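Q: Please find one structure pasted underneath; my questions will follow.
The values are calculated or read from the model by the stated rules, or taken from the named source; none is laboratory data. Quantities reported herein were computed from a predicted structural model and do not represent experimental measurements. To get the accessible areas, we keep the full protein, side chains included, count just its heavy atoms, and leave off ligands, DNA and RNA. Shrake-Rupley method; radii C 1.70, N 1.55, O 1.52, S 1.80 Å.
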Amino acid sequence: MKLSNLILLSIASLAFLYIYIWDISIATTLYVTLLLLSTMYGVLKQEVNVTHISGFILAGTGISYVIFEAGVVDVITPSENKLLQGTIVYGVQFLLNLLTATALIFRVQISRVLSKSKQIELTHFDGIFHWIFLYMCLINLLALLENIAWSYFEMKSWTVIYDNFEVFIYIAYAICCGALLTMMILSAREDGTQASRAS
């Protein structure tokens, strides 16, 4: 099977899996688990680029996961104030996704500050991941604006993003997971190629 077909198959499979699960906490747990496995793979294989790309995504996603799973937002905002609650929920997600996208855009420079490894270089994947998080920023910004229109301006028919929010996020999760799997597969292939050349 060609690598491009494998990538598309893994992205489609993960998207269907996330949509089938339809529980954001379970889908996020699976997503964070894959991010953790990818980061661990990078550490074990001493692939600093894989480690840092996965680690930056894991850090942003992990902070978001902890904030929302621990119920920090529920403690801060009263549930009867839907405008404030929605603004904080979508605003926090927007800011975390924007920080992650920024870290991924400047990943090589940040990696060189964090590590003195000579293996740090711009990879093909550096051009992919920040777009996924910019897409998630857009979804959260649209959800924030829709929440303001719904709560403050009483536009009760404006629920397109709200009704499909999980689907939009699952698409981003699936693309990110597919790219992470591809990055690990290519890293293992290149490692195998180098080992066969050495023998």
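Q: Accessible surface of Trp131 in the full protein assembly, 1.4 angstrom probe, to the nearest 10 Å²?
A: Taking all protein chains as shown, Trp131 has close to 150 Å².
Q: Within the range 77-199, what whole-number % of the accessible surface is contributed by carbon and sulfur, with the 1.4 Å probe and all protein chains included in the calculation?
A: Taking all protein chains in place, the range 77-199 shows 67 percent carbon and sulfur surface.
Q: Any idea of Val43's accessible area? Nearest 10 Å², probe 1.4 Å.
A: 90
Q: Still on this structure, I have one more. When all protein chains stay in place, what accessible area (Å², nearest 10, 1.4 Å probe) is found for Asp163?
A: 90
Q: Using a 1.4 angstrom probe, figure out how much accessible area the range 27-125 has per residue, in square angstrom, rounded to the nearest whole.
A: Computed with neighbouring chains in place, this is 56 Å² per residue.
Q: By accessible area of protein heavy atoms, probe 1.4 Å, what ranking do Leu30, Leu145, Leu114 get, highest first? Spell out each step's value before the answer.
A: Numbers: Leu30 75, Leu145 95, Leu114 115 Å².
These residues rank, largest area first, as Leu114, Leu145, Leu30.
Q: If all Cα-Cα distances of the range 85-153 are sorted into 5 Å bins from 0 onward, what percent lands in each bin, rounded to whole numbers?
A: The percentages, shortest bin first, are 3, 17, 20, 16, 13, 10, 8, 6, 3, 2, 1.
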